[in-house]
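Derivation of every value follows stated rules applied to the coordinates shown; laboratory data play no part. Here the structure is a predicted model, which is why all the values come from computation and not from measurement. Cβ: placed from backbone, ideal geometry, glycine included. Neighbour counts: every protein chain shown.
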């Protein structure tokens, strides 16, 4: 198994993004990086100039680079953005099937965890269309992961599983950051940029539960597959996806790489995951066939 | 939202005087007859058929507990819902309206005209199964005692007129 | 416009047809459809009988097979498609591309509609589904404004169906795992959202507390309505702000927008609520049939009947108005 760094879900400013990818390029033992804006098309103008810079830097460091599509495409300019994706000459990660409609025939692509791949039939259809990689939806239980990893191996599609990061639980037409600050989506004033790891939502009993990130809803807990590496590798999973949080992603990627190389570092690995997580809250319920919020050490 | 008729207190008090075992027996017979004529209720309950269901008319001093041990219906009249997996409570008129498809269970639940306690899944299964059966309790009661049918029918009609309580299946569209 | 009405049971189906439904949608009593609730839905025999009844009364039956087949168990979904065709269904409503591919190949003559659970939100992807799977109709996700719906209709030959009444998903449908995060059960995998089996109401002093999978979803006082146990309608807190962070517990009611939807080129109007009673179905369908008939005849909308529907319930026009976002 290797590591894939997923796209940044949050609205970080351009300097932060530049520093982040520079450090990833120089220091993080990840095989590939998916970048681009997938949550909100309004954010992209603020940092799109960083994309070519980051691509160059990451490729120079020997990383594979993919470009993500938007997760929900409704507006005309969003359709245009989706159509332009293929022009960069990079592999496209499809986060909404709309992107598939725009890809030139025969172009290889990757499938984001926000696209519904629940069964062999869907994986077969995507493979026939040219899918090279698929990151499975995080809610899948272990039996489904094993079955799809086996199907992927047969079809020559690399199957990836959510390894670290607040879980992408839902996407909406409505912006929750704007709603929480009594603004309309059209006049949001980019308030989501304040919460670099998403804005935590607590229950009325004070329990951390979810997090909002503009139109996206995430889990409050950070999902972490560090205690399931053997199971996933045995099932034939080829890669773990790490979703950027503001914590130390390099240290986490290093600890995971050590573990995958056979180091006996379970405690250090969990510590690295907690250190990289907002409030140190972890979950792995989905990987145990349970409610996603559960943590089974 | 309809206002639900409450059974007058003196009448409710009088019910206390009725001995429970015969009442349980009569209701058990009635329920068995209903389930025989509407086998869809039990098949709809599916794996919830193993649960016990308390029906609590809040304007009467009694609770009916329905269970189906071995697939055979049993109704016990109790003072409370003790031992039941779930309890549906509300005024008798609301419960009867529900059984007869005259009102919507969800609406009654959110307006608190109905209260569900315990196993929500079991209560929901019973509600859905009964809704599909298109029951008519007045008809079922007259079947229990055919010789008395004409008299019972007149009584039911009079009671419905006086109280607005649905004792018949709601006819077609409201 | 065609009125597409919900039926959770054969009795509700008959009620809907009697009340004037042009089409009724329903599902099998298992995890193949997105209203897999206890005591609900149709056996094979019930579906066959119900379709016969509907056809005798001039109504169509659409069978929703709109969850995402489980890896290793796709047979259950494949059988559902075959059985729907055998029972005489006028169309199946599908969401999963694998299942769409299967139906296209193995049941080419069975009309296919794209479920709202596929969340196809623009003309490009709708036309793509049409080219790949020959879908004849798309149920649009509840994230679009009326203007966006009109724009879609200008760019596609595929018929559009939109929700006009009932429960409202605030998230893009089929792309939400909130329920499984709290309970392990999700709409996509199990056909349930915030399932009753994981809902607990507790009386805590004067408060009624609704919990889902152990998470407090709402806490209300004595005189408030019982809180809706659906996760996205819950009340939460964030940085000192307390409220319905995701969505107010209101029901969609687009009756005022019917003329605009007709002008936007919408083919069919959908009423949510397969989990509701036959009494509810009959009342809502009758009201909407009157409204649709009045609209077709160029008469004013019968406001009285429609107002009765919203009595005692908070109503919203949802995403159809742009300010909702």
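Could you work out the mean count of beta carbons from other protein chains within 10 Å of each residue's beta carbon in A:123-129?
The mean count of partner-chain Cβ atoms within 10 Å per residue comes to 3.
Where does the Debye-calculated log10 I(q)/I(0) of the stretch C:178-243 sit at q = 0.18, 0.26 Å⁻¹, using only Cα point scatterers of equal weight, no solvent?
-0.66, -1.10
Could you state the number of Å between the C-alpha centres of the stretch A:216-231 and the stretch B:17-65?
47 Å
Taking each residue of A:283-295 in turn, how many C-beta atoms of other protein chains fall within 10 Å of its C-beta, and what is the average?
Other-chain Cβ atoms within 10 Å of each residue's Cβ, averaged: 4.
Whole Å is fine, so just give me how far the alpha carbon centre of the stretch A:39-116 lies from that of the stretch C:35-107.
Going from one Cα centre to the other spans 36 Å.
Rg and Dmax of the stretch C:84-211, using alpha carbons, in Å: what are they?
17.9, 60
Give me the percent relative contact order of chain B, please, defined on Cα pairs under 8 angstrom at least 6 residues apart.
This gives 23 percent for chain B.
Going by how many other Cβ atoms sit within 10 Å of their own, how do A:39, B:156, A:191 line up, fewest first?
Ranked by crowding around the Cβ, least crowded first: A:191, B:156, A:39.
Please state the shape class of the stretch A:144-196: rounded when a/c is under 1.5, otherwise prolate if a/b exceeds b/c and oblate if not, all from the C-alpha gyration tensor.
prolate
Does chain A come out rounded, prolate or oblate, given a ≥ b ≥ c as the square roots of the eigenvalues of its C-alpha gyration tensor, rounded meaning a/c under 1.5 and, failing that, prolate meaning a/b above b/c?
Cα axes put chain A in the rounded bin.
Say we join alpha carbon atoms closer than 10 Å with springs in a Gaussian network model of chain C; which of C:120, C:12, C:182 then has the biggest fluctuation?
C:182
Restricting everything to alpha-carbon atoms, can you work out Rg to Rh for the stretch A:29-121 with a Kirkwood hydrodynamic radius?
With Rh from the inverse mean 1/r over Cα pairs, Rg/Rh is 0.96.
I need the peptides A:268-275, A:81-88, C:291-298, A:169-176 ranked by packing, meaning the mean over residues of other C-beta atoms within 10 angstrom, with the highest value on top.
Peptide ranking by packing, descending: A:169-176, A:268-275, A:81-88, C:291-298.
Among C:222, C:239, C:136, which one moves the most in a GNM of chain C with springs linking Cα atoms closer than 10 Å?
Top of the fluctuation ranking is C:239.
Please work out whether chain C counts as rounded, prolate or oblate from its C-alpha gyration tensor, where a ≥ b ≥ c are the square roots of the eigenvalues and a/c under 1.5 means rounded, while otherwise a/b larger than b/c means prolate and anything else oblate?
rounded
Among DSSP beta bridges lying fully in chain A, give the percent that are antiparallel, nearest 5.
Looking only at bridges with both residues in chain A, the antiparallel portion is about 35 percent.
Averaged across C:7-14, how many Cβ atoms of other chains sit within 10 Å of each residue's Cβ atom?
Going residue by residue through C:7-14 and averaging, the value is 4.
Over chain A, with a Gaussian network built from C-alpha contacts below 10 Å, which listed residue (A:33, A:194, A:117) shows the highest mean-square fluctuation?
A:194
Of all DSSP beta bridges located in the protein assembly as shown, what percent are antiparallel, nearest 5?
Around 40 percent of the beta bridges assigned by DSSP in the protein assembly as shown are antiparallel ones.
Indicate, rounded to the nearest 5 percent, the antiparallel portion of the DSSP beta bridges found entirely in the stretch B:9-135.
Taking every DSSP beta bridge within the stretch B:9-135, about 70 percent pair in antiparallel fashion.
Could you rank the peptides B:61-71, C:277-287 by their average count of other C-beta atoms within 10 Å per residue, with the highest value first?
C:277-287, B:61-71
Plugging the Kirkwood radius over Cα pairs into Stokes-Einstein for the stretch C:210-320, at a temperature of 20 °C and a viscosity of 1.002 mPa s, what D comes out in µm²/s?
Translational diffusion coefficient: 131 µm²/s.
Show me C:262-272, C:183-193 ranked by packing, highest mean number of other Cβ atoms within 10 Å first.
Order by mean packing, descending: C:183-193, C:262-272.
Hey, fewest Cβ within 10 Å first, where do C:155, B:121 land in order?
Fewest to most other Cβ atoms nearby, the residues stand as C:155, B:121.
Ratio of Rg to Rh for chain B, alpha carbon only, Kirkwood?
Ratio of gyration radius to Kirkwood radius for chain B: 0.93.
How many percent of all Cα-Cα pairs in the protein assembly as shown sit more than 42 Å apart?
Taking all Cα-Cα pairs of the protein assembly as shown, the fraction more than 42 Å apart is 32 percent.
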